[in-house]
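Read the structure below first, then the notes.
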Amino acid sequence: MSDERIRLVILGGAGVGKSCIVKRFLFNQYVDRYKSTVEDLYNREFDLGPVTIKVDILDTAGDIQFPAMRRLSIATAHAFLLVYSITSADSFSQAKCCLEEIREQRADWQEIPTVVAGNKLDLAVTRREVRVEDVSEWLFCSLPKLRAKLMECSAKDNYNVRDIFKCFVTLSRILPPAEDETPLKRRSSAYVRGGQRRAASPQTSSEASTSTPTNPEPSRAKPRSRSLIRRSSRKAKQQIRDAHNGTDDCNVS
């Protein structure tokens, strides 16, 4: 694993704060002045205890002026970070378009670790246009098989930024989950981050083999109910606000 490079590609509309998230995470810096990005590549090694991984973080342009570069970045990615601004409904639509591009170009799109991050949480009280319930419904009802996480963050306040990148450790299955760690995994409904954990029902290997069909049909993946999404999303919003009180499971610094 130490010789393997992982490429994380960051996609999203212009001005949503993609570069701010990267620079806050890597350098603990924040610049309030907007400057458009063409393409920036950062190379880092991260010590995760049992393994050390090499990561290329590719920060892409928000406006689609370089379609060939964009197609290449999608084709070579091992993971995606889709960023939108909670103060712009249009930026959420652009994040959806980014995922559609991934679906068109990658046959394995459902298996690619993907984090959807709503930035500018510091402006939520006065300028919010995108509700976490709407994003949850799109991500976990319309795309039930996607290996994904949903988070809200603030690059300006350095809130939940590290947790965004920690999610990729679990989504990529780089480390096996410890028995006592707070799971950063997708719940049965909308994304809920926190210490609560549902115990899985014990199941023997023979039971698993008999209960899993040999050729499952795509129609078996049933969308989750809207009422369940709404309830879980309300819990998600509360636990997003309390996320900074959680435990630090892995060293991604």
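List of remarks:
- Residue list for the range 131-173, restricted to those being over 17 Å from residue 95 (Cβ atoms), hydroxyl-bearing (Ser, Thr, Tyr) and assigned to a helix (DSSP H, G or I): 170
- Answer residue from the range 127-152, given it is in contact (Cβ under 8 Å) with a residue 60 or more places away in the chain and within 11 Å of the chain's Cα centre (by Cα) and is surrounded by the most Cβ atoms within 10 Å (Cβ to Cβ) among those: 152
- Residue under evaluation residue 15, criteria (1) open to solvent by 20 Å² or more (accessible area, probe 1.4 Å); (2) part of a helix (DSSP H, G or I), criterion not met: (2)
- Checked against (1) open to solvent by 30 Å² or more (accessible area, probe 1.4 Å); (2) at pLDDT 95 or above; (3) under 23 Å from residue 166 (Cβ atoms), residue 124 passes all but condition (1).
- Pairs where the first residue, in the range 1-14, is farther than 18 Å from residue 112 by Cα and the second is modelled with pLDDT of 90 or more and aromatic (Phe, Trp, Tyr), C-beta under 9 Å, 6+ apart: 13/84; 13/92
- Any hit, the range 41-52, residues being more than 27 Å from residue 136 (Cα to Cα) and basic (Lys, Arg): yes
Quick grid of which residues meet (1) of a type in the set (S, T, N, Q); (2) at pLDDT below 95:
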residue	(1), (2)
9	no, no
41	no, yes
66	no, yes
83	no, no
87	yes, no
91	yes, no
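- Restricting attention to the range 32-60, the residues that are aliphatic (A, V, I, L, M) and farther than 20 Å from residue 165 by Cα add up to 1.
The values are calculated or read from the model by the stated rules, or taken from the named source; none is laboratory data. Note that the coordinates shown come from a computational prediction; the quantities given were computed from them, not determined experimentally. Note that each Cβ is placed from the backbone with ideal geometry, even for glycine, and that neighbours are counted across all protein chains shown. The protein model used for the area step is the full one, side chains on, heavy atoms only, and it has no ligands, DNA or RNA in it. Shrake-Rupley method; radii C 1.70, N 1.55, O 1.52, S 1.80 Å.
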